[in-house]
Amino acid sequence: MPTRKKNPEAVDVCIVGAGASGGTAAKVLTENGLRVVALDRGPWLRDEQFSGDELKYLNRNYVWPDDKLKPRTYRPDESSPSQVVQFSPTPQGVGGGTIHWGGIVPRMTLDDFKLRSLHGDVPGSSLVDWPIDYWVLEPYYTKVEWELGTSGLAGANRWEAPRSKGYPTGPVALTHYGRIFAQAHAKMGKSTFPIPQAMVTEPYRGRRPFPYSGFWQQYADPTGSKSSTANTFIPDALATGLFELRPDCYVKEITVHPDGRAKGVVYTDEDGDEFEQLADVVIMCAGGIETPRLLQLSTSNLFPDGLANSSGQVGRNCTFHEYLFAIGLFDKEVVDPLFPWAGHYMNVMSFDYYQTDYDRGHLLGTLIFASMLGHPVNWTFPGRPTWGQAAKDADRDLFNHSMKLGVMVQDLPVESNKVDLDPDVKDAWGLPVARITHTPHANDYAQAKWQVEKNVEILEVAGASKIIPVHLDKITGNCCHEMGTARMGDDPATSVVDKWCQAHDVPNLYVFDGSFFPTSTGVNPTLTIMANAWRCSEYIAQVRAKGRNAD
């Protein structure tokens, strides 16, 4: 059993998780004069500990959670047995998902906030509107883009909502496979634009520009050009002198006062000693899987079904954005080598299939983008030999002449799709692990099939000699986008937090990670998570500046 040590001094705010939302909250709150402690489950790795070592990252779990220590389980429905899987392997460490992310940061569209108003009740789905709109987040999108450091070309996406300011650095250069996509799409009368990315492409605030290496997606960046919160917002918070960062700390429970307000968090440090960090405000930033897990672990007489769960909605309505694609192979005698390791893993994007078109036979849509197939050791091509001279020949012939057109399914929320506690499987600390129960909605299958086939068509126009579609089977969490499990809404009976991400049941408890998303939207969620964390952190700071708790 851990030894309970003398508790540290109470602070204004305790943040659980120092990733995208936690790092943003730490910066904003400390710069507004609040004393903040952030606890993170993983280590605080620095740039000099990173590299382009493919085996280290993709085969040896250098930043991904080890499923022997921190397993998760998955089942398609409640009648099926659960299995231990590496579901949504988001790094657990300072920086969170921004350690390994591809840094794709487009903004949500105007319509993304009002999908139920646009489409009505969808049978089998728990589709809702957001209680805020684009204009509430627009100033915060801008703040994050400029403080974090992003690259892009304002106005290049013809579907983008109005913006008050451009990007701080210019767009990433076009790659060979990006050019093939852009040219084919233009032949079809469609548009593409440079992907907005969380990196700097020119010297910016002491950071070096992106070196155009393909070893970036799923890797940590040794150059500092990638805009992780670990090398931007966390140092900003530390510079205030009001922030204490405690890595390698495993949070086990959120405790409450007799009146039901959050009291603090119980955690075990790297030496195995147990502490309770008291705080006036607790902010959950552990991700859309670990946050509902921790809320459900935090039971008491006041909250027998888990903290902030009087609605029964904690863990429900989970969405994950499954990544699918079509693979194109080009004849080496016709097309020059694509040199996929030169440039970013992903390059050039389109929103032309983002909005609903009822003629397609489904609601909603998604962004699409060009990418390389993978890195030299782990790259895959269906039917590729895996051993001997045949494998070497395939590497020579296929690797340099193949590409993907990827999609990210905008999955509908379904109340029965959920994260709860597995009754049989425990982690290395002896606590129940998160169990994901998820079956895609029929609309998800229809959307995925139509879009993958459209990507096949684009590759045909591009001149690919062989094309292989990869369709939706089940949700695997391969995007590491965890959303919806503590959804934001005005009605305490059907949501967990309000428009400030403040728990309806616990006035000094907040949820800033992707758990608050009412719908998944069709864009990568992290920019919106950070913008909203900035907005809600300002709210907490302003309320406390008036001499009262944030309730």
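The values are calculated or read from the model by the stated rules, or taken from the named source; none is laboratory data. No experiment lies behind these values; they were computed from the predicted model shown. Glycine gets a Cβ as well: all are built from the backbone with ideal geometry, and neighbour counts include every protein chain shown.
Going through (1) more than 27 Å from D393 (Cα to Cα); (2) more than 21 Å from the chain's Cα centre (by Cα); (3) crowded, with 21+ Cβ neighbours inside 10 Å one by one, D352 falls short only on (3). Within the range 269-291, the presence of at least one residue that is of a type outside the set (D, E) and part of a helix (DSSP H, G or I) is confirmed. Remark: pairs (first residue in the range 449-477, touching a residue at least 12 places away in the same chain (Cβ under 8 Å) and closer than 22 Å to S88 by Cα; second residue crowded, with 23+ Cβ neighbours inside 10 Å and of a type in the set (S, T, N, Q); Cβ separation under 6 Å; 6+ apart in sequence or on different chains) = G477/S88.
The residues in the range 262-276 that are closer than 16 Å to C249 by Cβ and either without any contact (Cβ under 8 Å) to a residue 60 or more places away in the chain or under 27 Å from the mean Cα position of the chain (by Cα) (or both) can be counted, and the count is 8. Among the residues of the range 351-365, those identified as of a type outside the set (K, R) and out of contact with any Leu (no Cβ under 7 Å at 6 or more places or on another chain) are D352, Y353, Q355, D357, Y358, D359, G361, H362, L363, L364, G365. When the range 105-158 is filtered for residues that are farther than 22 Å from G315 by Cα and β-branched (V, I, T), the ones remaining, listed by number, are V105, T109, V136, T142, V144, T150. Looking only at residues of the range 229-268 that are in a strand (DSSP E or B) and of a type in the set (S, T, N, Q), we find that the one that is farthest from D513 (Cα to Cα) is T268. Looking across the range 168-177, just one residue is modelled with pLDDT of 95 or more and in contact with a Pro (Cβ under 7 Å, 6 or more places away or on another chain), and that is P171.
So that you can scan it fast, the table gives a plain yes or no per residue for (1) touching a strand residue (DSSP E or B) at 6+ places or on another chain (Cβ under 9 Å); (2) over 17 Å from N524 (Cα atoms):
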{"site": "D66", "(1), (2)": "no, yes"}
{"site": "P71", "(1), (2)": "yes, yes"}
{"site": "Y74", "(1), (2)": "yes, yes"}
{"site": "P81", "(1), (2)": "yes, yes"}
{"site": "Q86", "(1), (2)": "yes, yes"}
{"site": "P91", "(1), (2)": "no, no"}
{"site": "H100", "(1), (2)": "no, no"}
{"site": "P106", "(1), (2)": "yes, no"}
{"site": "T109", "(1), (2)": "no, no"}
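Regarding S125, is this residue more than 18 Å from H321 (Cα to Cα), out of contact with any Lys or Arg (no Cβ under 8 Å at 6 or more places or on another chain), modelled with pLDDT of 95 or more and not charged (D, E, K, R)? Here the answer is no, as S125 does not meet what is asked. Within the range 216-264, the set of residues being of a type in the set (A, V, I, L, M) and out of contact with any helix residue (DSSP H, G or I) (no Cβ under 9 Å at 6 or more places or on another chain) comprises V256, A262. Here E138, E145, E160 are screened, and the one residue that is crowded, with 23+ Cβ neighbours inside 10 Å, acidic (D, E) and under 21 Å from the mean Cα position of the chain (by Cα) is E145. Taken over the range 198-212, the criterion of being buried (at least 17 other Cβ atoms within 10 Å of the Cβ), touching a helix residue (DSSP H, G or I) at 6+ places or on another chain (Cβ under 8 Å) and assigned to a loop (DSSP other than H, G, I, E, B) is satisfied by A198, V200. When S191, S164 are checked against the criterion of being over 30 Å from G489 (Cα atoms) and assigned to a loop (DSSP other than H, G, I, E, B), a single residue qualifies: S191. When L363, L338 are checked against the criterion of being touching a strand residue (DSSP E or B) at 6+ places or on another chain (Cβ under 8 Å) and either surrounded by 14 or more Cβ atoms within 10 Å (Cβ to Cβ) or not in a loop (DSSP other than H, G, I, E, B) (or both), a single residue qualifies: L338. Scanning the range 142-188 for residues that are of a type in the set (A, V, I, L, M) and free of Cβ contacts under 8 Å to residues at least 24 places away in the same chain yields A154, A186. Taking the range 494-533 as the range and being more than 28 Å from G365 (Cβ to Cβ) and assigned to a helix (DSSP H, G or I) as the test, no residue passes.
Looking only at the range 96-105, decide whether some residue is buried (at least 24 other Cβ atoms within 10 Å of the Cβ), touching a residue at least 40 places away in the same chain (Cβ under 8 Å), of a type in the set (F, W, Y) and not in a strand (DSSP E or B). So far as the range 96-105 goes, yes, one or more of its residues are buried (at least 24 other Cβ atoms within 10 Å of the Cβ), touching a residue at least 40 places away in the same chain (Cβ under 8 Å), of a type in the set (F, W, Y) and not in a strand (DSSP E or B).
Here K6 clears all of (1) of a type outside the set (S, T, N, Q); (2) under 23 Å from the mean Cα position of the chain (by Cα); (3) in a loop (DSSP other than H, G, I, E, B) except the condition numbered (2).
This table checks each residue for (1) among the basic types (K, R); (2) closer than 30 Å to K190 by Cα; (3) over 22 Å from the mean Cα position of the chain (by Cα); (4) surrounded by fewer than 20 Cβ atoms within 10 Å (Cβ to Cβ).
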position	(1), (2), (3), (4)
E457	no, yes, yes, yes
E460	no, yes, yes, yes
T476	no, no, no, yes
A503	no, no, no, no
V506	no, no, yes, no
F516	no, no, no, no
N524	no, yes, no, no
N532	no, no, no, no
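Within the range 11-21, the presence of at least one residue that is assigned to a helix (DSSP H, G or I), of a type outside the set (K, R) and touching a Cys at 6+ places or on another chain (Cβ under 6 Å) is confirmed.
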